[in-house]
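Visitor: This structure is in structure tokens; I'll ask about it shortly.
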Amino acid sequence: MASRVIPVEVFDLVVFGATGDLARRKILPGLYLRFLAGQILPECRIIGAARGELSPGDFREMVAAAIAEFVPPARRQDEAIEGFLDRLCYIAIDATGEIGWSELKREIRGDVIQAFYFSVTPALFGAIAERLRAHDIAGPGARIVVEKPFGHDLASARALNATLARHFDESQIYRIDHYLGKETVQNLMAVRFANILFEPLWKSEYIDHVQITVAETVGVNGRGAYYDKSGAMRDMVQNHIMQLLCLIAMEPPYHFDPDAVRDEKLKVIRALDPVRPEDIVRGQYLAGQGGAGYLEDVESAASRTESYIALKVNISNWRWKGTPFYLRTGKRLRARESEIAITFKEPPHSIFDDHRGWRDNVLVIRLQPDEGINLKVMIKEPGPGGMRLVQVPLDMSFAEALGDAAEDAPDAYERLIMDVIRGNQTLFMRGDEVEAAWAWTDPVIEGWESRGEKPQPYDAGTSGPEDALMLMHRDGRRWREIRA
Ligand code: BG6
């Protein structure tokens, strides 16, 4: 099944922080891949901006090296790479001073789509936004793109929103949560709202509980300084897992339209109950499996930051009252695996005597790796011996079902950057959504800080701390296994 690629309109994209890690790993290789796919027209331009004094040739070389490192060999095509590099230019800019801004003003065209990607520390957002306005660089339709972390807590997120709002309208601000750009995450909406099958059962009357797991095998890998100030709650739950929860729990929007979708997500966040202390388990990985322990990785023996967290979360609204959502995420776990599992309740009455093989129906949406959907259903065990029941999976791997189209699907950043150019904010977080997420997160963190709680150590390569198992056992439920 071939994918259909429609070129986006002509644009000038300025990447601030163009020599930084994110630009090298994701943004620039992602843009090359969209160019290769024919989505970026030759008239488009990408303007790298950073503090360093690079010649245009140096910048080209840097981008060529990034493509060589981060694009799979099968998609590195010399002619396309040359064509892409010809779209680039570079300007040395001082975000907090005056160097480079008049040059940028000369370089940028007023009659094409303008996008400004702030791939820099949030401390510079205000200065850059202000200069884009002061030098009359950003036209009325310009878009700005900002990365996570969007704030560290509610107060800082509000301050950031206020800073950006001084210079740009909300309709121009694209806050990235790369989970929303993942193909399977978008599929959550397709599965829910393009099928009649699931929606009538999508409520506490029929759903026993929901599990959301984002397990990683990596540790904090050289990001210790950032991570230790953040921890799993801020790094993963407040944003990525919150978005997954919203897409599972939200009411059907009236249309697949940015504000309609975001209004519904916001209602979910606002309906989240405060989390009780006994419904939180935090952990820190120990050394093992060839890696150092968390405390060594962050070079702070006294750190109380969690590299793992499990939470039981309740949503107080008509649809979900009584159906808990169990969330967990952690580093240095047994496998890299992200999935959402929806466990349905038992039928109200069993007509069968044999209950030995009985299992609940479960709908598993696998986000990574091996994206797909798996629905576990009960059938009769084949053969003689009466009506014995057995559970079997209805398993659909997207790669098998969709072939090349699934293989060639753009990575989250590719998709999201193209959405910026198209002017579609559906997969970006709105300011009020981010603030609501922090308003729920802050008291959870303040709670364990004020109780002086330490995370529990867990062995690398396992499924996390023992107490996380208890979080479910005590409710008569079990986590799904993280498969090695
Ligand atoms: C990032 C977090 O936002 O998401 C990282 O800062 C985490 O700590 C990463 O590893 C996970 O993203 P993915 O796409 O690999 O699941």
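Visitor: Leaving out ligands and nucleic acids, and using a 1.4 Å probe, what accessible area per residue does the chain come to in Å²?
Guide: 45 Å²
Visitor: Let me spell out the model: positive unit charges on the Cβ of Lys and Arg, negative unit charges on the Cβ of Asp and Glu, origin at the Cα centre of segment 337-459. What dipole size does that give, in debye rounded to 20?
Guide: Here segment 337-459 has a charge dipole of around 640 debye.
Visitor: Once the dipole of the chain is set up with Lys and Arg at +1 and Asp and Glu at -1 on Cβ about the Cα centre, which of Pro258, Ser204, Ile269 lies farthest towards its positive end?
Guide: Ser204
Visitor: Separate question: With r as the distance between the Cβ atoms of Glu79 and Asp467 and R0 = 35 Å, compute the FRET efficiency 1/(1 + (r/R0)^6) and round to 0.05.
Guide: Once the sixth-power term is evaluated, E becomes 0.05.
Visitor: Here's another thing I want to ask about it. Just to be sure I understand: if I project the alpha-carbon convex hull of segment 125-173 onto a plane and average over all orientations, what area do I get in nm²?
Guide: The number I arrive at for segment 125-173 is 3.2 nm².
Visitor: Right, here's the next one. Based on Cα coordinates alone, diagonalise the gyration tensor for segment 157-228, multiply each eigenvalue by 5, take square roots, and list the semi-axes in whole Å, largest first.
Guide: Over the Cα atoms of segment 157-228, the semi-axes work out to 32, 23, 13 Å.
Visitor: Separate question: What is the gain in length, in nm to one decimal, between Arg133 and Glu251 on full extension, counting 0.36 nm per residue of separation less the C-alpha to C-alpha distance?
Guide: Value of the extension gain: 38.6 nm.
Visitor: What percentages make up the Cα-Cα pair-distance distribution of segment 305-369 when the bins are 5 Å wide from 0?
Guide: 3, 12, 15, 19, 17, 15, 11, 6, 2, 0, 0
Visitor: I would also like to ask the following. Simple spin-label model, 7 Å along Cα-to-Cβ: Val390 to Ile99 in nm?
Guide: Placing both labels 7 Å beyond Cα along the Cβ direction yields 7.1 nm.
Visitor: Let me ask you something else. Give me the net charge of Met62's neighbourhood, meaning all other residues with Cβ under 11 Å from the Cβ of Met62; Lys, Arg count +1, Asp, Glu -1.
Guide: Neighbour charge sum, excluding Met62 itself: -1.
Visitor: While we're here: Could you run the Debye sum over the Cα atoms of segment 389-484, one equal point scatterer each and no solvent, and tell me log10 of I(q)/I(0) at q = 0.25 Å⁻¹, two decimals?
Guide: -1.20
Visitor: Additional query: How many Å³ per residue does the convex hull of the Cα positions in segment 207-322 occupy?
Guide: It comes to 139 Å³ per residue, whole-number rounded.
Visitor: Let me ask another. Any idea what Rg and Dmax come out to for segment 273-352 if you just take the C-alpha atoms, in Å?
Guide: 18.0, 60
Visitor: How tilted is helix 154-167 with respect to the longest principal axis of the chain? Cα atoms for both, answer in degrees (0 to 90, nearest 10).
Guide: Orientation of helix 154-167: about 40 degrees from the principal axis.
Visitor: Under a point spin-label approximation (7 Å from Cα along Cα-to-Cβ), what is the Leu201-Trp358 distance to one decimal in nm?
Guide: Going from the Leu201 label point to the Trp358 one covers 1.7 nm.
Visitor: So if I take the centroid of the Cα atoms in segment 19-35 and the same for segment 60-122, what is the distance between those two points in Å?
Guide: One Cα centre to the other: 9 Å.
Visitor: Taking all protein chains as present, what is the carbon and sulfur share of the accessible area of segment 1-125, in % to the nearest whole number, probe 1.4 Å?
Guide: 51 percent
Visitor: Then there's this: With all distinct Cα pairs included, what does the Kirkwood hydrodynamic radius of the chain come out to in Å, to one decimal, could you say?
Guide: Hydrodynamic radius (Kirkwood, Cα pairs) of the chain is 24.3 Å.
Visitor: What share of all Cα pairs of segment 40-170, in percent, falls into each consecutive 5 Å distance bin?
Guide: Computed distribution, short to long bins: 2, 9, 17, 19, 18, 15, 11, 6, 2, 0.
Visitor: Which residues does a label at Asp475 reach in segment 307-328, if reach means a backbone N under 15 Å from a point 7 Å past the Cα toward the Cβ?
Guide: 310-317, 320-328
The values are calculated or read from the model by the stated rules, or taken from the named source; none is laboratory data. Predicted model only: the values in this text are computed from it and were never measured. Note that we place each Cβ from the backbone using ideal geometry, even for glycine, and neighbour counts take in every protein chain shown. These area figures cover heavy atoms from the full protein model, side chains too; ligands, DNA and RNA do not enter into them. Shrake-Rupley method; radii C 1.70, N 1.55, O 1.52, S 1.80 Å.
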